[in-house]
C-alpha cells in the first residue's frame, strides 16, 4: 500500500474527484471491516459501519489536511463511527450461529483436539470482551489491523512510547484474564 498515493487520492477526492474514493474503498474497506468486527463481533453491523466511514470521508473531505496522513485520518473517522455506534447501542449482542461449528466438529476426525482449540479460542474471545472498549480498540488497531504505533499515537495525541506502554499493559491484563478463564 503506497501511503503517498493514498494521500494523493484523498487530495483529489477533496478537490471534487469523488470517483477516486473507490480506490481508497478497495484498499481500506477490509481493514475497517476487520477493525469493526473485532469491536462488535457482528458482520452486518461491521459492514454498515464501514459504509458510514466512507460516507463521513465524503462529508468531511474538506477537513483533510495537505500535510495529512490518510490512514491516520481515516482510522480516526472509523474510531468516531464506532464510538457513535457504541453510544447509541450501549452494548452489543454477542450472538453467533453455532451450525458451522457443529458441522466442522462432526467432520473432524480428532474432535477432542478441535474442542480444545475451540475452548482456547473462546477463552481468548471472552478475555478480549472483558477489556474495556478503549483497550479493545487499541489492541484491535495495533495487533489485528497492524496500524503502526506512531500512527496510533498521532490519532490519540500521545507519544509513541506511551502507546507501546499501554499495549504492553493491556496484553498483560489480557493474558491474566485468559489464564483466569482457563483454570
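The values are calculated or read from the model by the stated rules, or taken from the named source; none is laboratory data. Just so you know, these numbers come straight off a predicted model, no measurement behind them. Counting neighbours? That spans all protein chains shown, and the Cβs are built from the backbone with ideal geometry, glycine included.
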- Picking from 15, 114, 96, 66, which residue would you name as being over 30 Å from residue 128 (Cα atoms), modelled with pLDDT under 90 and surrounded by fewer than 19 Cβ atoms within 10 Å (Cβ to Cβ)? 66
- Out of (1) at pLDDT below 80; (2) farther than 25 Å from residue 30 by Cα, the odd one out for residue 101 is which? (2)
- Message: Whether any residue in region 71-87 is surrounded by fewer than 20 Cβ atoms within 10 Å (Cβ to Cβ), assigned to a loop (DSSP other than H, G, I, E, B), in contact with a helix residue (DSSP H, G or I) (Cβ under 9 Å, 6 or more places away or on another chain) and touching a residue at least 12 places away in the same chain (Cβ under 8 Å) is what I want to check.
- Response: no
